Amino acid sequence: MVNLRAMLPACNTKGELPVLQILNVYGDLLLTAMGQTLLLALCGLFFACILGLIFGLLSVVRNKVCNLIAAVFVDAIRGVPMIVLAYFIYFGVPYLLNTILGIGGVMLTALQAGTICLALNCGAYMAEIIRAGIESVDRGQMEAARSVGLPYWRAMQRVVLPQAIRTMIPSIINQFIITLKDTSILSVIGFPELVNTAKNVVANTFMSFQTWAIVAVMYLVVITTLSRVAKHMERRLRYGR
Amino acid sequence: MAVNKDCVKIHVEHLKKNFGKLEVLKDVSTDIYEGEVVVIIGPSGSGKSTFLRCLNRLEEITGGEVIVDDMRITDKRIDINKVRENVGMVFQHFNLFANMNVLRNLTLAPVDLKKADKAAAEENAMKLLARVGLADKALAYPSQLSGGQKQRVAIARALAMNPDIMLFDEPTSALDPEMVGEVLEVMKELAREGMTMVIVTHEMGFAREVADRVLFMDGGYILEEGTPEQVFGNPQNPRTQDFLNKVL
């Protein structure tokens, strides 16, 4: 093993600590990978917010068909592990289109498939957060808004949603953090995010302890920073009351 | 101002309302005239509030006919929002918009529904707030007000749409005793000005003083109606007698 490591020109010399050697040689690569992780998370979250809002609203309107559609979506996504969803979207769907249905030339990039996968997964949880947030607003608020003549959606937009969002924000930020961590699952479809890249680094260096420690710290720093920002926002909203 | 018997503001005929299998309103019919103050009394669960909430269709109506301002609100095709613009409602729990200050509470609907531009709506709102004695609270948020203040703002909010009819759903039931008076005072003032009012309340003294007509409801029916003198002084129905014995 020592020999193998010595064969790699990047990681042999000068009696440096192995961690520093990895950082020297693969630091840029890992940082780029972290950037890819954040890019994937942001893309996923963007569409997750849209999906969450749509399905969250579908589950609160007084219409049985809409409620059912929302419930089926949430249950279906929550009932399937994300890794299965990832394989299904990246490999399964193009196979269905190309081979079974004969619509040629459909290919998804890993970023596209990963975004869809995160958006669906996080979107289902966001829908639940938004539903719960809207339901937490006293029914009298909607009734009062309707009683002065505001149409349902206007009342929702002016009175109910602004109040619901306040109670939703902590859960939404929490969901953002979970989604950011879930990007690591998408290493299985070959997207060059942090975990996937780290695997390659380990394959090159065999220094799994050092590499994974670096990766863990990188996640830790980003996520802790995010939660701090979240705490700060929460506090500001509370004082704003 | 006197009751104008030539102008029916609210016509209710064989109104029925079920919640699932529970029949809350079984058969309610009455006419409410322009400028009339109608007070509805009765034990809890008698359908008073449900009746009131049917008048602006906050509750879907199961059967019968309700005509408000010549609009048949039991007809699904009617634009209920248009009717509601003309029918103010005051709730037991105030229901002020918690995310807006008092002024915005009053101007939201007039501005959003293009009844007035922002400046005109704010001017009108300030007048209304002065009328309920709360001009100095225009920039306060609902959470900073006392119960009595909240309810007076709620009345002003309903008036901001300049309605012909006002519905009051137990407006003083959630108030501390010392705040009941200030709210009733505002309501009396409105009654004197000739507003058509339908009030569900447990304030019997108030009912006696301001009502043109008192309706006693129980079990989903109007069991007795008449002037306050008739209903409070000489009730005919044994259920009315029994109820009044308990509350007076």
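In order along region B:133-138, the Karplus-derived 3J(HN,Hα) couplings, from 6.51 cos²θ - 1.76 cosθ + 1.60 at θ = phi - 60°, round to x, 10, 4, 6, 9, 4 Hz, and Gly and Pro are given as x. Each of B:Lys246, B:Lys137 was scored by other Cβ atoms within 10 Å of its Cβ. Listed from fewest to most, they are B:Lys246, B:Lys137.
The string of couplings for region B:49-62 from the Karplus curve (6.51, -1.76, 1.60, θ = phi - 60°) is 5, 4, 4, 4, 6, 6, 6, 10, 6, 5, 10, 5, 8, 7 Hz, one whole number per residue in order, with x for Gly and Pro. Working note: Cα gyration tensor of chain B, eigenvalues times five, square-rooted, sorted largest first, giving semi-axes of 29, 22, 16 Å.
The mean number of partner chain beta-carbon atoms within 10 angstrom of a residue's beta-carbon across peptide B:92-100 is 6. Spatially, region A:52-76 and region A:179-218 are offset by 36 Å when compared through their Cα centroids. Oblate is the label for region A:26-114, because a/c, from the alpha-carbon gyration tensor with a ≥ b ≥ c as root eigenvalues, is 1.5 or above and a/b does not exceed b/c. Where only DSSP H runs of four or more residues are counted, chain B gives -10000 deg cm²/dmol as its mean residue ellipticity at 222 nm, each run worth -39500 (n - 2.57). Per the Debye formula with a single identical scatterer at each Cα and no solvent contribution, what log10 I(q)/I(0) holds for region A:4-239 at q = 0.18 Å⁻¹? Rounded to two decimals, the profile gives -1.27. Region B:194-224 and region B:10-38 have Cα centres separated by 13 Å. Nearest 10 degrees, 0 to 90: what angle lies between the long axis of helix A:18-60 and the longest principal axis of chain A (Cα atoms)? Rounded to the nearest ten degrees, it is 20. Computed over the alpha-carbon atoms, region A:137-227 gives an Rg to Rh ratio of 1.34, Rh here being the Kirkwood radius from the mean inverse distance.
Close amide H pairs (under 5 Å, H built 1.01 Å from N) link B:Ile199 with B:Val38, B:Val39, B:Ile40, B:Phe168, residues at least 5 positions away or on another chain.
Rounded to the nearest 0.05, what FRET efficiency do A:Ala76 and A:Ala216 give with R0 = 30 Å and r taken as the Cβ-Cβ distance? Could you check? After rounding, the FRET efficiency stands at 0.40. Relative to one another, the C-alpha centroids of region B:156-172 and region B:85-127 are positioned 11 Å apart.
Remark on B:Met217: its backbone amide H falls under 5 Å from those of B:Ile41, B:Gly42, B:Leu223, a criterion applied only to residues 5 or more positions apart or on other chains, H modelled at 1.01 Å from N.
Each residue in A:Cys43, B:Cys7 was given a count of other beta-carbon atoms within 10 angstrom of its own, and listing them fewest first yields B:Cys7, A:Cys43. What shape does the protein assembly as shown have by the C-alpha gyration tensor, where a ≥ b ≥ c are the square roots of the eigenvalues, rounded means a/c under 1.5, and otherwise prolate means a/b greater than b/c and oblate the rest? Verdict is prolate for the protein assembly as shown.
In sequence order, region A:172-183 has phi-based couplings of 5, 5, 4, 5, 4, 5, 4, 5, 4, 5, 5, 4 Hz under the Karplus curve 6.51 cos²θ - 1.76 cosθ + 1.60, θ = phi - 60°, and Gly or Pro positions carry x. Taking every residue in A:159-170 and counting other chain Cβ atoms within 10 Å of its Cβ, the average works out to 2. Using Cα positions and a limit of under 17 Å, work out the aspartates and glutamates in reach of A:Lys181, with same-chain residues fewer than 8 apart set aside. Correct list for A:Lys181: A:Glu193. Mean partner shielding of peptide B:169-179, defined as the number of other chain Cβ atoms within 10 Å of each residue Cβ, is 0. Would region B:1-100 count as rounded, prolate or oblate if I go by the C-alpha gyration tensor, calling it rounded below 1.5 in a/c and otherwise prolate when a/b exceeds b/c, oblate otherwise? Rounded.
Computed from the coordinates by the stated procedures, all read-outs in this text should not be read as laboratory data. Predicted, not measured: the structure shown is a model, and the values here were computed from it. Neighbour counts are summed over all protein chains in view; Cβ atoms, including those assigned to glycine, are modelled from backbone coordinates with ideal geometry.
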